[in-house]
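I have placed the structure first, in the form of structure tokens, so that the comments after it can refer back to it.
Nothing in this text is a laboratory measurement; each read-out follows from the coordinates by a stated rule. Model, not experiment: these values are computed from the prediction. All Cβ positions, glycine included, derive from the backbone under ideal geometry; neighbour counts span all protein chains shown.
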Amino acid sequence: MPPQGVLAVVHACARNEMDATRISELITQVPSLSAELLRISNTAYFGFSGEVTSIARAVTLIGHRVLRNVALCIALKATLKSDQLPAFPVAEFWEAALRRGVCARILAAETAHDKEAGFTVGLLQDFGLLVMFYLNPKVTNEWSRLSELTPDSRYDLEQQLFNTTHDRVGLQLAQAWLLPEEFTIAMGYHHRGTPAEIDKSSVELCKLAQCADWMSAVFTSDNRREAIKQSRSLLLDYYGISSEQSNDLMAQVAVSMNKAASAFRFDLGEQVDFEDLIGEANLHLVEENLSFQQMNWHLEHTLKERDKIASELNKELDLAREVQRSLLPGESDNLEGVAGLNVSAKVVSGDFYDFYKLRNGKVAFCIADVSGKGMNAALLMAKASSLFHCLGKSIHDPSKLLAMLNREILETSIHGMFVTMLAGVFDPESRVVKIANAGHLPAILMRGGTFDSEYPAMAPPLGVIPEAIFPLDELRLTSNMHLYLYTDGLLEAKVNGEQRLEREGLLQLFSLYSDIPPAMRLLHIVTDVRSRGGRVDDDMTILLLKG
């Protein structure tokens with residue numbers, strides 16, 4: 001959290017009734033801000049003639065709006081210090097942030113926008129990434145890889161590493177800190193389209209931030225040609241700036257970096273001159289043109305290798321699918337009154353269900369959905385399924401079983417992945433069902449073709465909170481009663497164009513096929529969804545217990 005005293009100055013600068021005298025009084029109450037403001041006022045960054053010796057004089061010269069931006073930059077830099085992330089190169093992060101701020105300031109001056117607002121947005125826009133590393137110190141070593149990517153590639157890698165991105169985290173921080181709306185919007189939407197109701201000035205700041213991101217990447221990316229190409233394209237599309245003009249803007253970055261670093265006390269490494277980068281990029285282009293025929297040969301060879309690898313990968317995926325299908329109950333495992341069905345959206349699935357008879361004659365069952373899709377989800381699915389099948393034979397209390405599974409999954413799961421699971425035990429003699437729900441969709445009880453009740457989750461998914469408690473529900477399946485367990489892929493199946501099936505549509509299908517034997521009933525439900533144009537975007541799994 002930024003220093004409260006500095007944030008108070010930021011908020012005061014946005015209020016019309018606050019004059020220079022009252023703002024000066026607020027600043028003097030924060031000694032560190034007072035000292036920094038006087039020091040910055042006397043640097044080449046502002047270029048005032050004569051020495052600025054008082055806070056009141058600095059406030060008058062700088063103005064409320066610029067003062068707000070300067071205070072916000074000071075607050076931002078004070079939020080997370082190096083000692084809070086001992087293994088993370090904080091100085092490198094701030095240098096990258098400063099470069100985006102400088103690029104945004106240069107571009108804002110060229111396009112008649114507020115250059116100090118541009119600088120502040122450039123400095124702020126990736127702050128969410130620093131917070132993500134603070135919350136996930138185990139991936140600190142990924143910084144070097146992230147820092148060398150273009151903005152789009154970096155954004156994709158963030159999603160893989162953190163299951164979120166810096167703009168989404170930045171938006172939450174800005175809202176929590178009550179930052180000015182224009183900065184909040186720029187932090188949250190410089191990679192995404194802005195909401196329709198956003199004012200023009202905020203949209204312009206988002207454009208500045210996007211351009212600054214690509215301009216900065218010219219100096220750091222391992223794909224400089226792509227960074228230069230995209231920078232020129234954005235500058236031309238947004239502002240009508242030609243390639244020659246864009247070169248002139250980026251040639252100013254190294255000198256401006258040194259001035260800004262001196263003003264805000266950033267430690268800089270050696271700055272690369274833009275002309276050197278252009279020369280290097282052009283040299284690579286010449287070398288590539290000279291080896292065009294060789295590249296074609298390599299491409300031909302690579303395509304053959306790709307086809308070979310793709311064929312081998314398909315074989316591996318087919319084998320993975322077979323292994324995964326073997327984890328589900330087969331025909332030899334059929335039990336009277338119990339049926340399940342799994343339809344995978346991809347080759348492998350992140351959903352699963354299971355049921356089997358215990359030594360005491362009772363039936364253990366579960367349905368689960370692993371977060372995410374693809375191979376990661378499939379591997380976690382295999383682990384969770386195996387754990388349930390093994391531990392469930394000795395732990396007959398669903399609440400205790402889920403607690404044990406939760407501990408096991410927490411020990412080795414990839415950060416950010418989790419499993420929703422609804423587990424239970426059914427006694428065929430007493431018809432009593434005991435269930436515990438770990439973050440899964442509610443179990444639905446139908447009496448004939450009519451909805452009776454549902455049993456929602458009372459605990460978080462597995463793999464989220466250590467030592468979580470999973471409350472137990474108990475019900476009796478009398479004649480003509482059916483208990484349905486399902487995953488969200490069924491609810492989200494798109495029927496009749498873009499309309500989702502949702503809960504009401506699913507209840508209608510339960511009612512429609514209530515008189516059909518369990519296994520056939522589930523097949524009819526899934527087939528009905530598909531026959532109405534249902535598109536499988538997610539795994540669909542359903543389990544039924546018949547009274």
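Translational diffusion coefficient, Stokes-Einstein: compute it for the stretch 1-79 using the Kirkwood radius over C-alpha pairs as Rh, at 37 °C and 0.692 mPa s, and state it as an integer in µm² s⁻¹.
Numbers: Rh = 12.4 Å.
D = 266 µm²/s.
Based on the Cα gyration tensor of the stretch 331-546, what are the three equivalent ellipsoid semi-axes, each the root of five times an eigenvalue, rounded to whole Å and given largest first? Walk me through the intermediate numbers first.
Numbers: eigenvalues 125, 99, 44 Å².
For the stretch 331-546, the ellipsoid semi-axes come out as 25, 22, 15 Å.
Residues in the stretch 417-457, backbone N under 18 Å from the label point at S394 (7 Å along the Cα-to-beta-carbon vector): list them, ranges by number please.
The answer is none.
Would you tally the net charge around K434, using a Cβ to Cβ cut-off of less than 9 Å, leaving K434 out, and scoring K and R as +1, D and E as -1? Can you show the working numbers first?
Details: positive: none; negative: D397, D427, D473, E474.
Counting the neighbours of K434, the net charge comes to -4.
If the only charges are +1 at each Lys and Arg Cβ and -1 at each Asp and Glu Cβ, what is the size of the charge dipole of the chain around the Cα centre, to the nearest 20 debye? Please report the intermediate quantities before stating the final value.
Values: 52 positive and 70 negative charges, 225 e Å.
So the magnitude is around 1080 debye.
Using Cα centres only, tell me the gap between the stretch 105-160 and the stretch 451-491 in whole Å.
Distance between centres, Cα-based: 42 Å.
Considering the dipole of the chain built from charges on the beta carbon (Lys and Arg +1, Asp and Glu -1) around the Cα centre, which of G350, G372, L507 is farthest to its positive end?
Working it through, the farthest residue towards the positive pole turns out to be L507.
So how much slack lies between Y238 and H524, counting 0.36 nm per residue of separation and subtracting their Cα-Cα distance, in nm?
Details: separation 286, 0.36 × 286 = 102.96 nm, distance 5.36 nm.
Extra length from Y238 to H524 when fully extended: 97.6 nm.
Ratio of alpha-carbon Rg to the 2.2 N^0.38 Å globular estimate for the chain, to two decimals, please. Intermediate results must be reported in sequence, preceding the final value.
On the way: Rg = 30.0 Å, N = 547, 2.2 N^0.38 = 24.1 Å.
Taking the Cα Rg and dividing by 2.2 N^0.38 Å, one obtains 1.24.
Among L402, L123, N258, whose Cα sits farthest toward the positive end of the charge dipole of the chain (+1 at Cβ of Lys/Arg, -1 at Cβ of Asp/Glu, about the Cα centre)?
Highest projection toward the positive end goes to L402.
In cubic angstrom, how much convex hull volume per residue do the alpha carbon atoms of the stretch 81-284 span?
On the way: hull volume 24.7 nm³, N = 204.
Dividing the Cα hull volume of the stretch 81-284 by its residues yields 121 Å³.
Quick one: divide the alpha-carbon radius of gyration of the stretch 371-432 by 2.2 N^0.38 Å and tell me what you get. Mind dumping the intermediate values first?
Details: Rg = 13.2 Å, N = 62, 2.2 N^0.38 = 10.6 Å.
Taking the Cα Rg and dividing by 2.2 N^0.38 Å, one obtains 1.25.
Cα-based Rg of the stretch 73-201 per 2.2 N^0.38 Å, rounded to two decimals? Can you show the working numbers first?
Values: Rg = 14.4 Å, N = 129, 2.2 N^0.38 = 13.9 Å.
Rounded to two decimals, the normalised Rg is 1.03.
Would you please name the GluC sites (Glu not before Pro) within the stretch 110-193 that are DSSP coil residues with at most 15 other C-beta atoms within 10 Å of their C-beta?
Values: sites: E110, E116, E142, E148, E158, E181, E182; in loops: E148.
Counting only loop positions with at most 15 other Cβ atoms within 10 Å, the GluC sites (Glu not before Pro) in the stretch 110-193 are E148.
Please compute the net charge surrounding F266, taking Lys and Arg as +1 and Asp and Glu as -1 over other residues with Cβ under 9 Å from its Cβ. If you can, show how the numbers build up before the last one.
Working: positive: K77, R265; negative: E95, D267.
So the environment of F266 carries a net charge of 0.
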